[in-house]
Amino acid sequence: MRSIINKLSVFMMMVFVAVIAISCEKDEDIPPDTGLDYGDGIFIINEGAFNSGSGSVTWYNREGAGRIDNLYQKQNSLVPLGNTAQSMNVINGVGFIVVNNANLVRKVSLKSMQQMDQLENVNLPRFLIGTDNNFAWLTTWDNKVIVFDSENLAIIKKITTGTGPEKLLEVGEEVWVLNQGGYSIDSTVTIIGKQSMEVKQTLMVYPKPTGIQVDKNGLVWIICSGHGWNGWPDPTDSRGHLVCVDPSDYSVVKDLEFPATDQHPEKLEINSTGDILYYIYPGGIYKQETNAQDLQLTKVVNRSGVFYGLDYHHSSDVIIACDAGDFMQNGWVFRYDQTGALIDSLEAGVGPTDVCIPK
């Protein structure tokens, strides 16, 4: 009798697990094994709760439908993406996902989201770009830029920068690296020769440079947040600045100062024609025309609080903003047209921070 009861209990447990599994699948419009080319869609990089190991990738098709959560994990035998996913970029049709606290970069197929290789033992990696010589340039919080071959991941050189390098950008024959400060504050930009891989110049700007773009005239724009953090006012806070630099001689063409010491601009994107900049500022998303002589503070998107991430999709001229919420439950990604009209809102994972649209 006990044997029958035990068998019945096991059977009921199996049914219960199956029901739970089926109910969980209903949250997603498309299962991950449909043979889709994921490279045709939208990848949302979610940090996850800090130190939880729950970084993830949320996928949507280009129309903002067919959501798949935890895409990387599902396509890689349930192996977690890693602790604190930071950013994603594409080099020569291949995806690179930077996982900060796990000290690694995952090289993945865009079509399948299956891992092809990984770069390990890089100290707190942050952001990555590819240059036209097939090299990848990666910022790390041990104050280095690591240059590696995007094909075989062989490290070519480690270049010393300022403190806490973050965003970086290819500017002609140079790579400009923003030194945000890591756990402290930095106010510099390290300029590196692309071919020599040597530091050519260290440009002094303002505290916490967080975004960099090149306009249609080839001028470099850098946004600096200033001392302090939004929502945490302190007597040591300083004003943010939007600085325009001529890369031919590193001279400052414009220096636009923000009005308040306790409100800090963050991130920087530019439209497809290279004449309008977008940035995050308390109250929403703002824009700046590159030919304007003064700071315009023109609000495009009205929102209480501060967005966590900002991207711009040049093929469709769409502004993309990440709202991380409380880092305990799912956040959201919002898409807007150039006028600030909401196109749609996409539910993400925990702590959405970056959006990658390969095509």
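Values quoted throughout were computed directly from the atomic coordinates according to the rules given, and no laboratory measurement underlies them. A quick note: this is a predicted structure, and the numbers were derived from the prediction, not measured. Using ideal geometry, Cβ is built from the backbone for each residue, glycine included, and neighbour counts are taken over all protein chains shown.
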Original post:
For the chain, modelled as a GNM with alpha-carbon contacts under 10 angstrom, which of GLN288, GLN114, GLN195 fluctuates the most?
Top reply: GLN195
Subject >> Among the listed pairs LYS157/LYS267; LYS208/LYS299; LYS111/LYS287; LYS167/LYS299; LYS144/LYS254, those beyond 31 Å (Cα-Cα) >> reply: LYS111/LYS287
**OP:** Using a 10 angstrom cutoff on alpha carbons, build the Gaussian network for the chain and name the most mobile of LEU168, LEU346, LEU128.
**Re:** LEU346
Subject >> Derived scalar couplings ³J(HN,Hα) [the range 121-131; Karplus, 6.51 cos²θ - 1.76 cosθ + 1.60; whole Hz; x for Gly, Pro] >> reply: 6, 9, 7, 6, x, 10, 9, 9, 10, x, 10
**OP:** Pull out the extension gain between ASP326 and ASP246, defined as 0.36 nm times the separation in residues minus the alpha carbon to alpha carbon distance; nm, one decimal.
**Re:** 24.8 nm
Subject >> Point-to-point label distance, VAL199-THR236, nm (Cα→Cβ direction, 7 Å offset) >> reply: 2.3 nm
Subject >> Backbone N under 20 Å from the ASN121 label point (7 Å along Cα→Cβ), restricted to the range 75-107 >> reply: 83, 98-107
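Grab the Cα-Cα distance for THR298 and SER52, subtract it from 0.36 nm times how many residues apart they are, and report the gain in nm with one decimal. Kindly include the intermediate steps, with their values, before the conclusion.
Working: separation 246, 0.36 × 246 = 88.56 nm, distance 3.85 nm.
This chain segment gains 84.7 nm when fully extended.
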Original post:
Please identify the chymotrypsin sites (Phe, Trp or Tyr not before Pro) of the range 145-244 that satisfy two criteria: DSSP loop assignment and at most 14 other Cβ atoms within 10 Å. Which are they?
Top reply: TYR183
Original post:
Once amide H atoms are placed 1.01 Å from N in the peptide plane, what residues at a sequence separation of 5 or more from MET116, or on another chain, have their amide H within under 5 Å of its amide H?
Top reply: LYS107, VAL108, SER109
Original post:
Once amide H atoms are built 1.01 Å from N in the peptide plane, which residues 5 or more positions from THR161, or in another chain, come under 5 Å H to H?
Top reply: LYS144, VAL145
**OP:** Could you state the angle between the C-alpha long axis of helix 2-25 and the longest principal axis of the C-alpha atoms of the chain, as a value from 0 to 90 degrees rounded to the nearest 10?
**Re:** 30 degrees
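Hey, with R₀ at 45 Å, roughly what FRET efficiency would ASP275 and VAL79 work out to, going by the Cβ-Cβ distance, to 0.05? Write out the running numbers ahead of the final one.
Details: r = 44 Å, r/R0 = 0.98.
Calculated transfer efficiency: 0.55.
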Subject >> Cα lying deepest toward the dipole's positive end in the chain, options SER184, GLN73, GLN195, charges on Cβ >> reply: GLN73
Original post:
Highest GNM mean-square fluctuation, the chain, Cα pairs closer than 10 Å: which of GLY182, GLY305, GLY82?
Top reply: GLY305
Original post:
For the chain, with the dipole built from +1 on Lys and Arg beta-carbon atoms and -1 on Asp and Glu ones, taken about the Cα centre, which of GLN293, TYR336, THR160 lies farthest toward the positive end?
Top reply: THR160
